[in-house]
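Enquirer: The structure that follows is given in the form of C-alpha cells.
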Amino acid sequence: MTGISLQAVGIFFIVLLVLFLLGWLLALPGKTLLRFFIHALSGGLLLVAARLSAPVTGLLPSVNPATLSASIFLGVPGTLLVLGMTAFLQGKR
C-alpha cells in the first residue's frame with residue numbers, strides 16, 4: 001500500500017500539539033510564565049531529591065514521561081502525587 005503511514009500522522013499531530021503548547025506559553029504574560037517555570041523547576045528538583053534519598057526512604061520513583069510530566073506541569077503537588085503512587089504501588093504505607 002502506498003500513502004501516509006499511521007506513524008507519520010501521529011508524529012504530525014504530536015508536533016502540532018507541541019507547537020500549540022509553546023505558542024500558548026509564549027502568549028502568557030511574563031510574570032505568569034516565570035511562575036510556571038519556577039513551579040516546574042521546584043517539582044523537578046523535588047523528584048531528583050526523592051530519587052537521591054531512595055536508599056534512606058526505600059521509595060524509588062521511576063523516571064518516565066508520565067512521572068516527569070506530572071512533576072513538571074503540576075510542580076510540587078505532582079511530585080508528591082508520584083511519590084504517593086509509588087509508595088502505594090510498592091505496598092509501603
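Throughout, read-outs are computed from the coordinates displayed, never taken from laboratory work. Just so it is clear, the structure is predicted and the values come from calculations on it, not from any experiment.
Enquirer: For the chain, list the DSSP H helices whose alpha carbon atoms reach 20 Å or more along the long axis and whose average Kyte-Doolittle value is 1.0 or above?
Expert: Span-like helices, by this rule, are 6-27, 30-52, 76-90.
Enquirer: In addition: Taking the alpha-carbon centroid of each part, what is the distance from segment 36-93 to segment 5-24 in angstrom?
Expert: Value for the Cα centre distance between the two parts: 27 Å.
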